[in-house]
Every structure is written in C-alpha cells, then in structure tokens.
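Single-structure report; data block below.
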Amino acid sequence: MESYHYLIVGQGLAGSLTALALLERGCQVSVVDSAEADAASRITGGLATPLAGPRLTFPAAGSPSVLFSWQRYQELERRFGCRILHRFTLLHNVCHRDEIPRYRKRKQQEPYARWLGDFHQPGGCNGILTDPLGSFEIHGGHLDAPTLLDATARLLREQGSLYRQRFDPAELEIDTDRVRWGEQSFTAAIFCEGPNARHNPFLAELDLTTIPGEVLTLAPEEPLPPYIFHAAGGWMAPLPNGEAKLGATYGQTDTPAIVSNTGRQTLLAQLPRLLARPPAVRVSDHRAGLRPATPSKKPILGRLPGKPLALLNGLGSRAVLQAPYLADALAEHLLNGAPIPQGCLSAQPPEPH
C-alpha cells in the first residue's frame, strides 16, 4: 500500500482536525505551526450555533456539516478523555417581528426542527432576558477550542510530528508530485494557515480575506444562568470556570486586529440588550483576532491546480460547526478523489465549457 505523508501548515482548528482525519486514515502527517497566542482558533468565542441569522440558516456546508461536526467533537472527547464541546441551550432574543413566523416555519421542517426548542413569550424565561418580542431556543453549545488544540498538539508531539516554528513558503521545494520541506519529502502540503494564508504566495490567486474582531472574557460577580444568550449583533457564552465570553465585533475587511476601548465599550453595551438585569462584571481578558474568510462567506478547500498543494481556509465566524466536516471532506478528497462539499468553494478553477 502506498504511504502518504502530508505536511500541514497551521495547527489551528482546521489544521488540527485535518491532521486527525488523515491520521485516522493511516497517513503520516507533519504539522508546522508557530503557536501564536493571538491565533484565530485560540481567540474565537467558540460559539457552536447550528442555525443563525434572520433566516435561521445552517452554515455554508449545510445541515450535514452541523450533525457530522457535533458527533465528531463527541468522538474526540472520548478519544482524548476531556470535555471539548459544552452543550448549552441558546436563548435568542427576537429582534424583529418577522423572526417569529420564520422560527415557526423552521420548527415544522427537518432538519431545522431538531436544532430548535421552545418559543417563549416576553418575560417567559423567568424574566432574565431583554425580550420585548419574545425569545426562542436553539440547541447549541460552546467549543473549548484551546483544549482541543492542546490535546491534538500532545498527540502530534508524541509522534514527533509537530514543529513549533514559523513557516516560510520559500522553504518549499515543489516537484510535479512531491513537496520537500527541509530534509523531508511529502505527498503534498496542506495550507491551514487561517488569516496568514493571505500572505502565502501559493494562494495569491485565491480570493481570501480577513475580518477583525474583538472578544471579552468576563468575570461576573454573581453566577450566570446556564444558557448562551444571543441577540442581533452580540452573544454571551458561559465558561466552565464561571466566567463568560462576550462577543463579537466585526471590523472592516482586511484591516488589522486591534484591541480597542471602542471595541470594549461596544461589547459591554450588549449586556443590557441580552439580559434584563445584567450582573456586575469585571473584564478579565480582552482579545482581538482575525477571522479567515472569503467574500462569498463560503469556505474554500481542495487541491490547488497543477501542484501537490491543497488548502482548507475561509471558515469565517461559523467555523466551529463546519471545521470537522470539512477536514474530513478534505481527507476524502485528497485520498479518494471525493468531490468538494456543496456550499463550499473549490481551489480548482471551473472546467471550461
């Protein structure tokens, strides 16, 4: 049987899950990552929301991506022996009256219905919400991305296949069917660099963008109710240590990620829009990061034309419930020629008609 050895650039959410998918298929992997503290996957709020937006839609890869990703995190919890996905009911404050008939329509449709809970009249959730139009439940959760990344890093280190250093694309030597990096030869290199991909010359022809955002970690003086709170433009998710993530801002495309007092105040202003009686809080952490995205808001993955190179990028703000599914799809694409999932962009140019 032919031996496949892949070089994966980036050990964020996309790179870690791609590495695991390939390892489980009997491949070798080597992963290079600079372990930046402000990497997108470590700053992310980790919101696992199956349905979002005014139309209550699934992520770009559709309902299969959500169900697969949810189950995949459960598998990895058993494998690594640690909690990765914290399940929570998400309470969404209705912001516009037309959300109510959309919710009721989705509640009667599969596969949407499995992810939707009850509707609550104004004040119906024990008066904890700012919900003059009512609220409804979405079955979701919060991903502890750092725990998943750390567990994957331990596995890779045990195999001697994790390289903690900055990757320089100029160090790649590319033949028609092999890639060399240092003294090693690989079947292909897979770029899972997140925002750094915009500076990779091998990906210059792709329409990759970044969107800056800020997230706060709050230490409330009183325990919070065990829900994720959500309204248009903001959310708050509880953490196992009693703190909570509050997010997130959206800056101008392709601008730097900067921690700002304006961002802090914008985020804190969300609290009274979420909760009728917001608790006193202390800001224990304030981070800014870049979301990797594409103008169409669709992930991009697959082989690059004419070279032993591939990528998984552009997962945007809904990465949590797409990344496991897309990593698995990329592994099948590379090893068995499986097609790119519907709703995603292919790195290959379309066939001429």
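The values are calculated or read from the model by the stated rules, or taken from the named source; none is laboratory data. Just so it is clear, the model here is predicted, and its values are computed rather than measured. All Cβ positions, even for glycine, are placed from backbone atoms using ideal geometry, and neighbour counts span all protein chains on display. We work out accessible area using only protein heavy atoms, side chains counted, and drop any ligands, DNA or RNA first. Shrake-Rupley method; radii C 1.70, N 1.55, O 1.52, S 1.80 Å.
Taking every alpha-carbon pair under 8 Å whose residues sit at least 6 apart, segment 224-302 reaches a relative contact order of 24 percent. Computed about the Cα centre, the dipole magnitude for the chain is approximately 1000 debye when only Lys and Arg (+1) and Asp and Glu (-1) carry charge, each at its Cβ.
Take every Cα pair under 8 Å whose residues are at least 6 apart in sequence, average their separation, divide by the length of segment 161-218, and the relative contact order is 19 percent. Rounded to the nearest angstrom and listed largest first, the equivalent-ellipsoid semi-axes of segment 257-353 from its Cα gyration tensor are 39, 14, 12. The distance separating the Cα centre of segment 218-251 from that of segment 255-292 comes to 10 Å. Between segment 1-31 and segment 39-106, the alpha-carbon centres lie 25 Å apart.
Summed over the residues of segment 3-150 and divided among them, the accessible surface reaches 40 Å² per residue at a probe radius of 1.4 Å.
Overall, the accessible surface of the chain at a probe of 1.4 angstrom is composed of carbon and sulfur to the extent of 49 percent. Take every Cα pair under 8 Å whose residues are at least 6 apart in sequence, average their separation, divide by the length of segment 1-147, and the relative contact order is 26 percent.
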